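To start, the structure itself, in structure tokens.
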Amino acid sequence: MACETWRCGTAPYAGYHLTNNLANIKRLKQRVEELKTTKEKGSSEADYGEFKVIENTDLMRIQIVFDGKPDEAIRSTLKGNGFRWAPSQGAWQRQLTANGKYALKKIIEELGVVEQAS
């Protein structure tokens, strides 16, 4: 007869279930603090002439808004860097993370544009 309850074993949980719990708790607390800091910072905008970049902290997204539809090369560059078209927002967007900010920097360098004073 197979034992289906924890009482049959020597411990209620196998050791591998409990491995690294404290490290995970610490990592998640650090992530919560990062999110709070980002939310407190607030949304920001930067104008690059051809497009506008919005760091939307309400949605936790980096958004790129073009005046019209960008050409195929620009769209493929955006897609290649993890940006997706969001019809509800009317913008190309990606999650607001360190990787998202790095991808935005790469796109700006690839497109060769300079930020304009607002």
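The values are calculated or read from the model by the stated rules, or taken from the named source; none is laboratory data. These numbers come from a predicted model, not from an experiment. So basically every Cβ, Gly included, is an ideal-geometry build from the backbone, and we count neighbours across all protein chains shown. The protein model used for the area step is the full one, side chains on, heavy atoms only, and it has no ligands, DNA or RNA in it. Shrake-Rupley method; radii C 1.70, N 1.55, O 1.52, S 1.80 Å.
Values computed for the structure shown
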{"item": "Residues of the range 82-101 satisfying the condition of being in a loop (DSSP other than H, G, I, E, B) and either of a type in the set (Lys, Arg) or touching a strand residue (DSSP E or B) at 6+ places or on another chain (Cβ under 8 Å) (or both)", "result": "82, 83, 89, 90, 96"}
{"item": "Filter result for the condition that a residue is within 16 Å of residue 43 (Cα to Cα), of a type outside the set (Phe, Trp, Tyr) and open to solvent by 20 Å² or more (accessible area, probe 1.4 Å), over 84, 75, 61", "result": "61"}
{"item": "Matching residues in the range 1-46 - criterion: being at pLDDT below 70 and touching a Ser or Thr at 6+ places or on another chain (Cβ under 8 Å)", "result": "none"}
{"item": "Sole residue being at pLDDT below 95, open to solvent by 100 Å² or more (accessible area, probe 1.4 Å) and assigned to a loop (DSSP other than H, G, I, E, B), chosen from 105, 69", "result": "69"}
{"item": "Of all residues in the range 22-58 being within 17 Å of the chain's Cα centre (by Cα) and part of a loop (DSSP other than H, G, I, E, B), the one that is surrounded by the fewest Cβ atoms within 10 Å (Cβ to Cβ)", "result": "58"}
{"item": "Among residues of the range 87-97, those that are closer than 13 Å to residue 60 by Cβ and open to solvent by less than 80 Å² (accessible area, probe 1.4 Å), counted", "result": "4"}
{"item": "Subset of the range 72-87 (residues that are among the hydrophobic types (A, V, I, L, M, F, W, C) and out of contact with any helix residue (DSSP H, G or I) (no Cβ under 9 Å at 6 or more places or on another chain))", "result": "73, 86"}
